[in-house]
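K.L.:
One structure is given below, represented as structure tokens, and several questions about it will come after.
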Amino acid sequence: MSKVELFISHSSHDGKFVEKFANLAASCFHISDKVIRCSSAGRFQYPFGTKLLEEIRKDIERSLVIVFVSKNIKESDWVLLEVGIAMTLAKKIIVTIIDDNDMETVPKYLQTDLIANLSDKDDIGSLISNIQEINNWQLKDLKVVNAEIDKFISELNPKAFKYPALKLMERKDVFVEKNNLKWAQIANSLEDH
């Protein structure tokens, strides 16, 4: 059995979006689907009868953790539990915002190391590249990867999913646009601590 190397934490209400992203990740690398785990996203979810808490802890311990943040996260005790486990284990966490690039949807406990926002092909490619680098996964041919990213974007229903930009950035090196006060406030608050 393959060990999980990418754990995606998300609200079950965002399961369809997360499953599409997990499919994208699986199709961009020379990996088995079994190295990606999402608690409630199609073929990537845990099988019935799994001792969830035990398996989630094991999977997070050996994985890169991506947390998909939306307005639904506030109602998810599971996301809070999974993030708590990841933080206790001092895991690198990539926070990915899927609600209108709205930093206010990111709970304070997730305003940590890495933030990503989902929006266009180049930005999605940046996240795929970062997953490759962190997990040391072999990327498929770039034509295949670009086709898979195009497929991912075309499958999203813009009315159902709003996907801001996927740019990975270190929190302490946040690029602040002139008109983006939220990022400036966050960067300033980090300097104060």
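The values are calculated or read from the model by the stated rules, or taken from the named source; none is laboratory data. Because the structure is a prediction, the values reported are computed rather than measured. All Cβ positions, even for glycine, are placed from backbone atoms using ideal geometry, and neighbour counts span all protein chains on display. SASA here: full protein model, heavy atoms, side chains in, ligands and nucleic acids out. Shrake-Rupley method; radii C 1.70, N 1.55, O 1.52, S 1.80 Å.
K.L.:
Once amide H atoms are placed 1.01 Å from N in the peptide plane, what residues at a sequence separation of 5 or more from Q45, or on another chain, have their amide H within under 5 Å of its amide H?
P.N.:
For Q45, whose amide H was placed from the backbone, the distant partners under 5 Å are C38.
K.L.:
At a Förster distance of 35 Å, what's the computed FRET efficiency of K51 paired with E104, Cβ-Cβ distance as r, to 0.05?
P.N.:
0.45
K.L.:
Leaving out ligands, DNA and RNA, and with a 1.4 Å probe, what % of the accessible surface on segment 1-157 is carbon or sulfur?
P.N.:
48
K.L.:
Above 24 angstrom, tally the Cα pairs of segment 1-155 and express them as a % of all pairs, no decimals.
P.N.:
Here the tail beyond 24 Å accounts for 27 percent of pairs.
K.L.:
Hey, can you find the accessible area per residue of segment 4-110 for me, probe 1.4 Å, expressed in square angstrom?
P.N.:
45
K.L.:
Using amide H atoms built in the peptide plane, which far-off residues or other-chain residues are under 5 Å from I94 H to H?
P.N.:
V65, I66, V67
K.L.:
So what's the convex hull volume per residue for the Cα atoms of segment 42-110, in Å³?
P.N.:
For segment 42-110, the hull spanned by Cα atoms encloses 103 Å³ per residue.
K.L.:
Summing +1 for each Lys or Arg and -1 for each Asp or Glu, what net charge is found among the other residues whose Cβ lies under 15 Å from the Cβ of L81?
P.N.:
The answer is -1.
K.L.:
Calculate, in nm to one decimal, what M87 and K151 gain on full extension: separation in residues at 0.36 nm each, minus their alpha carbon distance.
P.N.:
Working it through step by step, the gained length comes to 19.7 nm.
K.L.:
Taking the Cα-to-Cβ direction at E75 and at I134 and moving 7 Å from each Cα, how far apart do the two end points lie in nm?
P.N.:
Taking the two extended label points, one gets 2.7 nm.
K.L.:
Output the peptides 62-70, 38-46, 129-137 sorted from most to least packed, where packing is the average of other Cβ atoms within 10 Å over each peptide's residues.
P.N.:
Per-residue Cβ counts within 10 Å, averaged per peptide and sorted highest first, yield 62-70, 38-46, 129-137.
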